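The structure appears right after this line, and notes come after that.
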Amino acid sequence: MSGDVSTASAGNSTASAGNSTASAGRAAVRDTAPVLSAVDVRVEFASRGRRRAAARAVDGVNLDIAAGEILALVGESGCGKTTLARTMLGLERPTSGQVRFAGRPLSYRGAALRGYRRSVQLVLQDPTGSLNPRHTVYEAVAEGVRIHRLDNEESRVADALARCGLRPPERFFQRYPHELSGGQRQRVVIAGALVLEPSVLVADEPVASLDASVRGEILSLLLRLRDELGLAALVVTHDLGLAWNIADRLAVMYLGRIVEMGTPEQVFADPRHPYTRALMSVLPESPIEPIVLSGEPPDPTRIPSGCRFHPRCPELASGAAAAAGVAGQCTGAALPVLPAAGPALGQVSCHLAQAKLAADSADTAEAASTDAADAAEAAEARLHNSALEARAAVTQRLTRITFISWHSSLLRNSCCWRVILAARRSSVAGFWTAASRGHSWRIWGPRGGSSALPAYAW
């Protein structure tokens, strides 16, 4: 039992390491084609009695999981998370819609389904219940190898156990589940999935039955396997802390349908759906005031009209939806199914959130229009001032004539006057000297040069 026993500080440090690794993984952009997809998947279960309607466990879900991506599916009990996971695994057939693997629709024929289940493996919630108490660790991990008739059985089992942190693997071959700790049993379950070298893991509450000190180790293991093997994973959980630590994207599910989707940073920092806000409000140190939802989730055989959350919606009860003018839509207008891929800011299925988004867009457009008008007016004013300044400068250069001096003197037998005129132009500044009585004009330029002009008589 000592293999997974650790102090609280060690568990916290492991969780912190997992958190930093997840943040680094979210920073990496994965623009690859989805390896596993759900296209408008609907799953209904027939009810007892002829007149009772079918229960819509999954009521229209679009989902894409890319290679190397971890998608967390969160929501309260009974919202359809596990049914969707079982449908993605091929354990349930959708009533309508498709499950696609590597771009191809899933075939439910024996040989094709066997090959698919080797590529998409399940990690169950309770390791104690999922392991046969009469089987040793070796037999539990080797079961998949034997079903699919793979070679090198012992080396595959040893490699899978070593990857999951059970080293040396030979030490655990002949142990039984009751001889292991909870964390070791969960590692054995993960090793049983990895031994087939899958490309996708579907984990249903993988750490729900473990204590806090072991959770960090299992989460770090999942992140390390994602980075080393390029595994994609669909993690079903109601633990928002787990979703924050390991998920690249977060999908919030309510009554058989996804109501909000985005990165953990987007959803945790600014939850837009009232149901998501209620979930986030109960987190420790949440800036949102605690929101207590009234009543229980509606019966899936009688899904409410309009928004399926409106009987419990605090925004509708408080009058915020009526103030925004969408109260009638909340109770009567059905919302479309969210697409698998959406805008960078995430997706939300809510009349009030869409109205707020439209109002914000209108305000942004009005502010941009006002800023553009102000900028145009300022540019026009600058142009007008520049024209006035240029006109004044030209006028000053062309019309400024200053009388400097006048004096008389005798030159031989004639009297002459000397008038010095200063004329400023854009590139020529000089003095003109005029002589009377038939003398020619001379212009002395700024460098002392001169040129004669035709004679002119006073």
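We did not get these values from a lab; they are worked out from the coordinates using the rules stated. Treat the numbers as computed from the prediction; the structure is a model and nothing was measured. Using ideal geometry, Cβ is built from the backbone for each residue, glycine included, and neighbour counts are taken over all protein chains shown.
For the reader, a short list of remarks on this structure follows.
- Measuring r between the beta carbons of residue 370 and residue 283 and using R0 = 41 Å, the FRET efficiency lands at 0.60.
- Fewest neighbouring Cβ atoms within 10 Å first, the residues 282, 61, 337, 188 line up as 282, 337, 188, 61.
- Computed from backbone phi, the HN-Hα couplings of segment 164-171 come to 8, x, 9, 10, x, x, 4, 5 Hz, rounded to whole numbers (Karplus: 6.51 cos²θ - 1.76 cosθ + 1.60, θ = phi - 60°; Gly and Pro given as x).
- Taking a point 7 Å out from the Cα of residue 211 in the direction of its Cβ, the residues of segment 165-199 whose backbone N falls within less than 11 Å of it are 182-183.
- With R₀ set to 60 Å, the beta-carbon distance separating residue 40 from residue 389 gives a calculated FRET efficiency near 0.35.
- Residue 100 paired with residue 171, simple spin-label distance in nm, labels 7 Å along Cα-to-beta-carbon: 4.7 nm
- Amide H contacts of residue 180: none lie under 5 Å away among residues 5 or more positions distant or on a separate chain (H built 1.01 Å from N in the peptide plane; Pro and chain starts excluded).
- Across segment 2-349, C-alpha contacts under 8 Å between residues 6 or more apart give a mean separation that, scaled by the residue count, equals a relative contact order of 24 percent.
- The distance between label points at residue 132 and residue 356 comes to 5.3 nm (points 7 Å beyond Cα on the Cα→Cβ vector).
- Efficiency of FRET from Cβ geometry, residue 334 and residue 152, R₀ 45 Å, rounded to 0.05: 0.25
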